[in-house]
Amino acid sequence: MKKSLVVLAALASFAGAAAAQSSVTLFGTVDLAARYVKANGQNVKKLSRDGLSSSRLGVRGVEDLGGGLKAGFWLEGELSADTGTAGSAFWGRRATLSLMGDFGEVRLGRAKTSARLVVDDFDVYGTVGQGSVANLYSGFNVLGTALASNSYKVSPINRSDNQVQYLLPGDLGGIYGSFDVAAGEGTDGKKAIGGRLGYQAGPLHVAAGYQTVDVASSKYKMFVLGGSYDFGVVKANVMWTQNKFLGNRQNVITVGAVVPVTSAGSVTAQFTNAAGNATADLNKGGDAKLYTVGYQHNLSKRTALYTTVSLIDNGKTGMYALTDSPAVAANGRSGSVDVGIRHSF
């Protein structure tokens with residue numbers, strides 16, 4: 001009997017140690033908004049998603065392997081909460097397996113590209129919602145029919161499949177960075193190389209990123225440079241992005257601010273100007289300006305109410321449009337107002 005008790009105690013201690021060395025977390029975000037969008041004399045009224053944050057559902061975990069080495073996984077999928085359906089491939093937002101240690105992290109699978117992470121950091125709306133700078137990237141028709149016909153208009157600068165990514169360790173005195181390569185595996189528009197390098201300490205944050213994607217026997221290229229400074233009463237962001245493909249060039253300048261107005265609320269404002277060269281204008285990737293003002297009120301650490309007002313003013317042959325917008329004619333406008341709620345868990 002005593003031997004049995006000793007064995008049971010030993011097994012319990014091993015189980016407890018294993019539990020302490022491993023962790024699995026279920027997480028997610030649900031974001032829904034009532035939205036009104038108008039363009040060309042037509043309007044759309046609907047319940048839409050992702051006005052403040054991307055709706056998602058995921059599971060992630062880390063195992064301590066000992067000696068400072070850890071293994072981790074991250075599975076995350078897009079969620080269309082307005083219809084209760086998955087918005088993309090089941091784990092389309094991220095599906096990675098990692099090995100972490102003093103050397104940094106090696107990450108394998110599908111994930112955000114390094115260059116797109118820079119864009120996310122310096123867009124005050126995190127490239128989500130009607131104020132996102134990505135609303136001008138998504139209308140970037142200078143990529144032409146070679147990309148548009150293959151649904152490549154956005155994906156080269158966002159996430160990549162078959163990715164191998166290396167991230168620098170986090171104890172470099174504020175310096176951080178990552179480098180990634182994605183195998184094309186015989187599919188046009190999938191082979192990519194990119195990286196980022198940044199510095200963040202105290203109120204100062206600066207970073208740069210670069211990416212190339214093999215498309216149509218040529219290379220799509222993106223370079224981004226961003227910076228922010230938190231003055232306390234206002235956090236100011238600025239970012240410059242250049243996109244190039246087949247003689248087409250687009251320069252995008254973004255200036256934004258986050259202003260705390262109460263202990264629970266903040267006002268956001270952002271202006272983005274996109275300008276294409278002559279070749280880009282001919283390919284309907286012309287000039288446009290995006291204006292956005294928003295307010296976020298935190299009911300708790302997990303739940304927030306928000307509203308945003310956005311306007312895209314197209315120039316020349318530009319045909320950029322906000323999410324859920326009716327069709328926009330060249331040199332036309334697209335505007336919206338939304339009011340929503342976000343909850344994270």
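Distance check, please: which entries in 190/219; 46/112; 45/316 exceed 19 angstrom between their Cα atoms? Could you put the intermediate results ahead of the total?
Details: 190/219 11 Å; 46/112 29 Å; 45/316 28 Å.
Over 19 Å apart, Cα to Cα: 46/112; 45/316.
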message = Explain nothing, just the number: dipole magnitude of the chain about its Cα centre with +1 on each Lys and Arg Cβ and -1 on each Asp and Glu Cβ, in debye rounded to the nearest 20.
response = 380 debye
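Counting Lys +1, Arg +1, Asp -1, Glu -1, what net charge surrounds residue 88 among other residues with beta carbon under 10 Å of its beta carbon?
On the way: positive: 93, 159; negative: 78.
That sum, taken over residues with Cβ under 10 Å, equals +1.
What net charge do the residues around residue 165 carry, taking every other residue with its C-beta under 10 Å from that of residue 165, with Lys and Arg at +1 and Asp and Glu at -1?
Details: positive: 107, 112; negative: 105, 180.
Every neighbour counted, the sum reads 0.
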query = Any idea what the relative contact order of the chain is, in percent, if you count C-alpha pairs under 8 Å spaced at least 6 apart?
reply = 16 percent
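Given charges of +1 on the Cβ of Lys and Arg and -1 on the Cβ of Asp and Glu, with all other atoms neutral, how large is the dipole of the stretch 236-345 about its Cα centre, in debye to the nearest 20? Don't jump to the answer; show the numbers that get you there.
Working: 9 positive and 5 negative charges, 47 e Å.
Once rounded to the nearest 20, the dipole reads 220 debye.
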inquiry  = Springs between alpha-carbon pairs under 10 angstrom, Gaussian network model over the chain: which of 29, 268, 187 fluctuates most?
reply    = 187
note = Given 218-227, 196-205, 258-267, 102-111, the highest-first ranking by average Cβ count within 10 Å works out to 218-227, 102-111, 196-205, 258-267
task = Please name whichever of 271, 340, 258 sits farthest to the positive end of the charge dipole of the chain, dipole taken about the Cα centre and charges placed at Cβ: Lys and Arg +1, Asp and Glu -1.
result = 340
query = How big is the gap, in Å, between the Cα center of the stretch 179-218 and the Cα center of the stretch 39-86?
reply = 21 Å
key: Helix-only mean residue ellipticity at 222 nm for the chain, each DSSP H run of n ≥ 4 adding -39500 (n - 2.57), per residue, nearest 500   = -3500 deg cm²/dmol
query = Which residue, 26, 282, 117, has the most motion in a Gaussian network model of the chain that connects Cα atoms within less than 10 Å?
reply = 26
task = Would you mind listing how long the chain runs along its three principal axes, going by Cα atoms, in whole Å with the largest first?
result = 86, 48, 41
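Shape verdict for the stretch 245-345, please, from the Cα gyration tensor: rounded (a/c under 1.5), prolate (a/b greater than b/c) or oblate. Before the final figure, lay out the partial values.
Details: a/c = 2.90, a/b = 2.28, b/c = 1.27.
In terms of gyration-tensor shape, prolate.
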key: Top of 190, 235, 301 by mean-square fluctuation, Gaussian network on the chain, Cα under 10 Å   = 301
ask   = Expressed as an acute angle from 0 to 90° and rounded to the nearest 10, what is the orientation of the C-alpha long axis of helix 2-21 relative to the principal long axis of the chain?
value = 20 degrees
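Highest first, please rank the peptides 75-86, 308-319 by the mean number of other Cβ atoms sitting within 10 Å of their residues.
Numbers: 75-86: 16.1, 308-319: 20.7.
The densest-packed peptide leads the list: 308-319, 75-86.
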inquiry  = Below 12 angstrom from the Cβ of residue 103, what's the summed charge of the other residues (Lys, Arg +1; Asp, Glu -1)?
reply    = -2
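Laboratory data are not the source of any read-out in this text; all were calculated from the coordinates shown. Because the structure is predicted, anything quoted here is derived from the model rather than measured. Cβ coordinates were reconstructed from backbone atoms using ideal geometry, including for glycine residues, and neighbour counts include every protein chain displayed.
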